[in-house]
Amino acid sequence: MGEYPRGVEGIVVVSNRGPFRVSGTGARRKVVRAAGGLVTALLPVLRERGGTWVSAQETDHPLVVEQGDAEPFALAEVTIPRRVRDAFYGPFSNGVLWPLLHSMPATVPLGSAPWEAYDAANRAFADKALAAGGGEGLYWVHDYHLMRVPGMLRERAPGSRIGWFCHIPWPGPDLFSALPWRAEMIEGLLGSDVLGFHTEEYAEQFLACVRRLSDHPVRGDEIDVDGRRVRVVVAPIGVPWDELATIARSPEVERERSRIRQRIDHRAMILGVDRLDYTKGVPARLAAWGRLLARRPTLRERAVLVQVMVPSREAVKAYRDLKNEVDRLVGDINGRYSLTGRVPIHYFYRSMNPTELYAHYRAADVGFVTPLRDGMNLVAHEYCASRVEEDGALVLSEFAGAAHYLRDALIVNPHDVIATADALETALRMPRMDQREHMMALRKQVAALDVHKWAAGYLGRLEG
Ligand code: ADQ
């Protein structure tokens with residue numbers, strides 16, 4: 001561990017969502033660990049080193065975490081006035097930044113985006129983080145909601161070590177320059193010592209934005225900010241490999257896997273798992289399956305697509321529209337290609353618990369992961385990590401960060417419906433021996449990106 005000013009202990013993690021969330025209401029209200037890779041990666045770091053996890057208060061009452069009492073780290077919730085919180089989260093972060101960074105059109109006009117709310121919310125996070133860290137210390141800030149925070153921390157605690165990690169893509173300067181507050185965003189981020197991205201491409205595009213939008217000299221992967229060195233690093237996130245293998249091999253998952261195989265009558269199973277989001281490419285994926293069913297009528301008898309979609313951002317119109325589109329497409333394809341007792345798409349619109357989710361991964365012959373744009377995409381990793389019998393095939397979009405690392409996947413352009421249908425057919429026809437070679441190679445690639453190594457590697461660079 002590096003040298004820190006006296007009195008500062010551990011690490012301060014700052015992210016919009018915290019490691020715990022409230023589930024249920026009234027008597028059934030309980031506090032549970034939030035799902036997701038970030039929590040899995042950072043909980044062990046905080047448990048080992050102590051510190052504080054700073055996140056937004058999501059309900060009107062502070063979270064009281066009973067099991068947190070036993071944790072060797074603190075939770076600090078940022079309270080932001082409701083009006084500011086709503087504008088920061090909805091229109092600005094999800095209406096403007098999310099699409100822009102995914103190279104897609106903003107769902108809120110740029111001119112009316114509530115910049116003041118974004119800046120004020122970031123200020124509230126920075127204040128809370130500084131209070132938690134006791135001034136100068138080690139701060140690790142996450143994602144596009146909090147791009148102003150590093151600069152605010154640097155201003156008030158200049159001797160700190162500050163890292164920021166981008167979980168989503170970073171676009172080229174032509175796209176990013178459309179943001180009216182582009183210079184403020186870049187300056188905010190350059191408060192960091194280390195800026196992390198999933199792929200070389202995103203890191204290079206970020207550096208190109210710095211060259212275009214600031215006067216700071218860029219040399220290689222370093223930016224000189226008035227004599228201070230800011231490093232841009234490629235740090236691809238992964239999944240907790242050992243923990244996932246344990247879940248995938250557990251007797252509950254095995255039982256549930258057999259039940260699923262029976263229910264689908266041992267047909268070939270294709271699996272899609274996504275948060276409801278227009279970046280995930282679900283309509284084009286369904287169209288590719290429809291195309292293949294039209295072309296190969298025998299598949300109506302022999303194969304099924306299980307599409308699991310977890311509800312998300314339902315308050316936003318673009319997301320409700322997407323849900324309607326998916327509902328319509330599923331109905332259309334099922335209407336066209338069903339046989340009695342044989343429905344080509346089984347569609348779940350809900351979250352799954354880990355046993356169900358991993359049983360589906362284990363039951364599926366093909367992982368079908370075709371986002372239009374995705375920072376990394378952990379579903380592709382989870383599918384391979386679950387294939388403990390080393391079989392199955394992965395069809396993966398070239399626009400997922402994961403395609404830069406899972407090189408042995410069947411890589412497709414998800415906009416090309418015919419090519420995607422072809423790749424799906426190749427996956428369904430892949431002989432057992434070839435599946436084994438394919439999956440063994442993929443599993444090596446996924447294991448190399450273990451999320452614990454990611455956290456340790458990133459922190460090593462932050463402290464180095
Ligand atoms: P997300 O956009 O949320 O993450 P992703 O990486 O695919 O995307 O992670 C989704 C997670 O949600 C997976 O762990 C998956 O198991 C889970 N999930 C999805 N559908 C589910 C369901 N129906 N039930 C239960 N769980 C479900 C952002 C970026 C990604 C980046 C990650 C991590 O958009 O590109 O990979 O952060 O940096």
- Item | region 437-462, subset among the charged types (D, E, K, R) and part of a helix (DSSP H, G or I), residue most open to solvent (accessible area, probe 1.4 Å) | Lys444
- Item | Filtered residues of region 390-436 (kept if buried (at least 19 other Cβ atoms within 10 Å of the Cβ), in a helix (DSSP H, G or I) and within 16 Å of the ligand (Cβ to nearest atom)) | Gly401, Ala402, Ala403
- Item | Close pairs (9 angstrom Cβ cut-off, 6 or more residues apart or separate chains): open to solvent by 20 Å² or more (accessible area, probe 1.4 Å) in region 352-372, of a type in the set (Val, Ile, Thr) and assigned to a strand (DSSP E or B) anywhere | Met352/Val273; Met352/Val308; Met352/Val310; Glu356/Val308; Leu357/Val273; Leu357/Val308; Asp365/Ile270
- Residues in region 299-311 that are within 10 Å of the ligand (Cβ to nearest atom) and either part of a strand (DSSP E or B) or crowded, with 17+ Cβ neighbours inside 10 Å (or both): how many? 4
- Query: Any idea how many residues of region 227-256 are of a type in the set (Val, Ile, Thr) and open to solvent by 30 Å² or more (accessible area, probe 1.4 Å)?
  - Reply: 3
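This table checks each residue for (1) at pLDDT below 95; (2) within 23 Å of Ser23 (Cα to Cα).
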| position | (1), (2) |
| --- | --- |
| Pro62 | yes, yes |
| Val65 | yes, yes |
| Ala70 | yes, yes |
| Ala74 | yes, yes |
| Asp86 | yes, yes |
| Gly90 | yes, yes |
| Gly95 | yes, no |
| Pro99 | no, no |
| His102 | no, no |
- Query: For Ala248, which of the numbered conditions (1) among the aliphatic types (A, V, I, L, M); (2) closer than 30 Å to Arg154 by Cα; (3) within 16 Å of the ligand (Cβ to nearest atom) fails to hold?
  - Reply: (2)
- Looking only at region 351-380, and only at residues there that are assigned to a helix (DSSP H, G or I) and small (Gly, Ala, Ser), the one that is nearest to the ligand (Cβ to nearest atom): Ala380
- Message: I'm trying to understand the selection: among the residues of region 91-118, which are farther than 17 Å from Arg373 by Cβ and either open to solvent by 20 Å² or more (accessible area, probe 1.4 Å) or of a type in the set (A, V, I, L, M) (or both)?
- Response: Pro91, Val108, Pro109, Leu110, Gly111, Ser112, Ala113, Pro114, Trp115, Glu116, Ala117
- So which pairs qualify, if the first residue must be in region 378-399 and of a type in the set (Gly, Ala, Ser), the second must be within 11 Å of the ligand (Cβ to nearest atom) and part of a loop (DSSP other than H, G, I, E, B), the Cβ gap must be under 6 Å, and the two must be at least 6 apart or on different chains? Ala385/Val239; Ser397/Pro371
- Filtering region 265-278 down to residues that are touching a helix residue (DSSP H, G or I) at 6+ places or on another chain (Cβ under 8 Å) and farther than 24 Å from Leu339 by Cβ yields Val273, Asp274, Leu276, Asp277, Tyr278
- If you scan region 31-57, which residues turn out to be closer than 25 Å to Asp274 by Cα and more than 16 Å from the ligand (Cβ to nearest atom)? Val31, Ala56
- Kindly indicate whether Leu189 is open to solvent by less than 10 Å² (accessible area, probe 1.4 Å) and within 16 Å of the ligand (Cβ to nearest atom). no
- Among the candidates Ala315, Ala284, Ala294, residue that is assigned to a loop (DSSP other than H, G, I, E, B), open to solvent by 20 Å² or more (accessible area, probe 1.4 Å), more than 16 Å from the ligand (Cβ to nearest atom) and in contact (Cβ under 8 Å) with a residue 12 or more places away in the chain: Ala315
- Message: Step by step: first the residues of region 257-281, then only those that are among the small types (Gly, Ala, Ser) and open to solvent by less than 20 Å² (accessible area, probe 1.4 Å), then the one that is farthest from the ligand (Cβ to nearest atom). Which residue is that?
- Response: Gly281
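The values are calculated or read from the model by the stated rules, or taken from the named source; none is laboratory data. Source: prediction; values computed, not measured. Reconstructed Cβ throughout: ideal geometry from the backbone, glycine too, with neighbour counts over all protein chains shown. All accessible areas refer to the heavy atoms of the entire protein, side chains included, with ligands and DNA or RNA removed. Shrake-Rupley method; radii C 1.70, N 1.55, O 1.52, S 1.80 Å.
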